[in-house]
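Take a look at the structure set out below.
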Amino acid sequence: MILPDGQELRGRLHAWGQFPKTGWMAWVGLPMWADDPETETVEPREYWVWLTPGQAQPIDGVRYDAIPRYPLRREEPTAQAADRWAWKIQRTRAVGGRPGALVVHVWDCEEAPREAEELDVHAALEVLRRPGATACTECGADVALGPLM
């Protein structure tokens, strides 16, 4: 490692990690002296720090191919739960001579079937137009979709 005043400090490279804004950085352990308040002495310790490739220089003759690399995990962008307009349909079974029904739920309602396909608002409104279909009152689907009917 090159310190701001030009001094060189040797450390141990533990891993490479990729970050969204800075790119690849080195996870380096640097030897430091630290006070031990219990024994009132100074002892050597390893201080771990992330360094940019410009701050951490390779040492000639040392192989770095066995150092683990942790690339940035790219996740699909997801909408905030409050901003998400998705709906699921619950099909209830016929009971006691009464026909089965369709219930429209907000996508994350506890009563919504987990394996059900998510529908957009237009498809949910089409389902609600069927005879006997209702919107769930527990998750607020009735409040959200009612004015659109």
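Looking across A123, A66, A82, one residue alone is exposed (fewer than 11 other Cβ atoms within 10 Å of the Cβ) and at pLDDT 85 or above. It is A66.
Report yes if R10 is at pLDDT below 85, farther than 30 Å from C136 by Cβ and loosely packed, with under 13 Cβ neighbours inside 10 Å, otherwise no. Judged against the criteria, R10 is not a match. Of the residues making up the range 18-29, those that are surrounded by fewer than 17 Cβ atoms within 10 Å (Cβ to Cβ) and in a strand (DSSP E or B) are Q18, F19, G23, W24, G29.
Hey, can you tell me all the residues within the range 137-149 that are surrounded by 20 or more Cβ atoms within 10 Å (Cβ to Cβ) and either in contact with a Cys (Cβ under 8 Å, 6 or more places away or on another chain) or aromatic (F, W, Y) (or both)? Steps first, answer last, please.
Step one: of the range 137-149, the residues surrounded by 20 or more Cβ atoms within 10 Å (Cβ to Cβ) are 139, 141, 145.
Those that are surrounded by 20 or more Cβ atoms within 10 Å (Cβ to Cβ) and either in contact with a Cys (Cβ under 8 Å, 6 or more places away or on another chain) or aromatic (F, W, Y) (or both): C139, A141.
In the list A116, A56, which residue meets the criterion of being within 30 Å of V143 (Cα to Cα), open to solvent by less than 70 Å² (accessible area, probe 1.4 Å) and outside any strand (DSSP E or B)?
Numbers: A56 fails: within 30 Å of V143 (Cα to Cα).
Exactly one residue qualifies, and that residue is A116.
Filtered by the rule that a residue be open to solvent by less than 60 Å² (accessible area, probe 1.4 Å) and under 37 Å from the mean Cα position of the chain (by Cα), the range 32-53 gives A34, V49, L51, T52.
I2 meets all of the listed conditions (1) open to solvent by 100 Å² or more (accessible area, probe 1.4 Å); (2) in contact (Cβ under 8 Å) with a residue 40 or more places away in the chain but one, namely (1).
Considering (1) in contact with a Ser or Thr (Cβ under 9 Å, 6 or more places away or on another chain); (2) within 15 Å of W85 (Cα to Cα); (3) in contact (Cβ under 8 Å) with a residue 12 or more places away in the chain, the lone condition that V143 does not fulfil carries the number (3).
The values are calculated or read from the model by the stated rules, or taken from the named source; none is laboratory data. All values derive from a computational prediction rather than experimental measurement. FYI the Cβ positions are ideal-geometry reconstructions off the backbone, even for glycines, and counts take in every protein chain you see. Heads up: the accessible areas ignore ligands, DNA and RNA and are worked out on the full protein's heavy atoms, side chains in. Shrake-Rupley method; radii C 1.70, N 1.55, O 1.52, S 1.80 Å.
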